[in-house]
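Q: One structure, pasted below without further comment.
We did not get these values from a lab; they are worked out from the coordinates using the rules stated. Here the structure is a predicted model, which means the values were calculated and not measured. Cβ atoms come from the backbone with ideal geometry, glycine included; neighbour counts cover every protein chain shown.
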Amino acid sequence: MTEKTRRIVILIYVILPFVTVITAAVLLWNRYVFWTDIALMLVLQFFCTLGITVGYHRMLTHDSFKAVWPVRAFFIMCGCMALEGKPIEWVATHIKHHAFSDDDDDPHSPLKSFFHAHMGWLFSSANFADPKEYAPDLLRNRLVVFIDRLYFLWVSFAFLIPFALGGFTGLLWGGFVRVFLTTHITWSVNSICHTFGGRAFETTDESRNNWIVGLLAFGEGWHNNHHAFPKNAFHGMWWYQFDLSGLVIRALEGTGLAWDVQRVTDDAIDAHRTKSVSMIESIAQLKQDLGRFIDQGRNDLQEMMLKLPPQRVALVRYAYENTMRQCAEIQLGLERRRTMKRAAIERRRQKVAKLFVIAKQQLQMASLTQ
Ligand SMILES: [Zn+2]
Ligand SMILES: [Zn+2]
């Protein structure tokens, strides 16, 4: 599939469900959809999305602001009603995403596949991070632990509230369709915002600023800004980057309900830009060095293989070919990546070095075998 076709398929795949929902609403109007249902859907969508963006993400994960406990509790409970998992595990997984973004250990990188980043990753428990390792502080926070333990109670509210206020059609639109919308929109941050959009800052990942997700996910679409300055309470950093969650935090700060709101100064932006120039250069150098190291190792193995008596080649052929294949895959991966974290390059170097040691030992043994 060409890059253009792939992008068109992805866009259809993301947009089609939303078009289907709108079409269904129009076709079923005044039979299975009423104004009250749509109002319920929008109001719940508003609070549940803020629960994720302001509560789970900016407050719990990145500590972008402090707030009085009823405000904290309210946003975390709204986040639970979004049905994206328990808060502590969500935070742990997101911290892991920042630590390994777009590398092998990223829970949801679109470099594996777009579907994997959007929702495929949810189907494997291995992609969920261990809170003991990634969010130990939250495990000691009594308020958060209390709400986390009662997760399924808040989840039940996500359906009971629309049912109580709107009956069965209320449950359908304010409950099920609303869950579908919230989850798809927030998953788009992981998939779309690591694939499509511009980059205001150089970061060691594929994060992008995407204005559509910026609007729909209440500011979270300015995801490249966020990866550059994770603690910043405002993901929209310029006037034209609308960030509803940022406005909510600002309003909370204005009323005194929130404080210690983290901001990025112009000096910090300049410093990031200056630093990133040398960072890109040194990463390119590291990638090049690793490429040469792999070339050298493959040449050495090839020479050793050529020197083996023909009757002994069969003994090591499988191990030799396997090592060469793995090295070629790592090299290809390096070429495809525009940028990556230093630790990711180092992990690959260690892996390759180990592969070479083992393969060389096997070839030496084969040459000594009688
Ligand atoms: Zn990200
Ligand atoms: Zn984040």
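Q: Rounded, prolate or oblate, given the Cα gyration tensor of region 18-167, with a/c below 1.5 counting as rounded?
A: oblate
Q: Quote the FRET efficiency, to the nearest 0.05, computed for Thr5 versus Leu368 with a Förster distance R0 of 45 Å and r equal to the Cβ-Cβ distance.
A: 0.25
Q: GNM on the chain, C-alpha springs below 10 Å: top fluctuator among Phe180, Phe114, Phe146?
A: Greatest mean-square fluctuation among the candidates belongs to Phe146.
Q: Which three extents, in whole angstrom, do the alpha-carbon atoms of the chain cover along their principal axes, largest first?
A: 84, 50, 42
Q: Please compute the net charge surrounding Arg263, taking Lys and Arg as +1 and Asp and Glu as -1 over other residues with Cβ under 11 Å from its Cβ.
A: Around Arg263, the surrounding residues sum to -1.
Q: If N is the number of residues in region 268-368, what value comes out of its Cα radius of gyration divided by 2.2 N^0.38 Å?
A: For region 268-368, the normalised Cα radius of gyration is 1.39.
Q: Which semi-axis lengths, in whole Å and largest first, follow from the square roots of five times the eigenvalues of the Cα gyration tensor of region 161-280?
A: 33, 19, 9
Q: Now a separate question. With a cut-off of 14 Å, note down the residues of region 341-370 whose backbone N falls inside the zone around a label point 7 Å from the Cα of Ala328 toward its beta carbon.
A: none
Q: Then there's this: Going by average Cβ density within 10 Å per residue, which order do the peptides 57-69, 25-37 take, highest to lowest?
A: Highest-to-lowest ranking by the protection proxy: 57-69, 25-37.
Q: Of the listed pairs Lys96/Lys360; Lys275/Lys354; Lys231/Lys351; Lys231/Lys354; Lys96/Lys287, which have alpha-carbon separations greater than 27 Å here?
A: Lys96/Lys360; Lys275/Lys354; Lys231/Lys351; Lys231/Lys354
Q: Length gain on complete extension for the stretch Met119 to Ile38, per 0.36 nm per residue less the alpha carbon to alpha carbon distance?
A: Answer, rounded to one decimal: 26.6 nm.
Q: OK, next. Which distance in Å, rounded to a whole number, links the C-alpha centroids of region 234-278 and region 124-189?
A: One Cα centre to the other: 27 Å.
Q: Report, in degrees rounded to the nearest 10, the 0 to 90 angle that the Cα long axis of helix 35-50 makes with the longest principal axis of the chain.
A: Roughly 50 degrees, rounded to the nearest 10.
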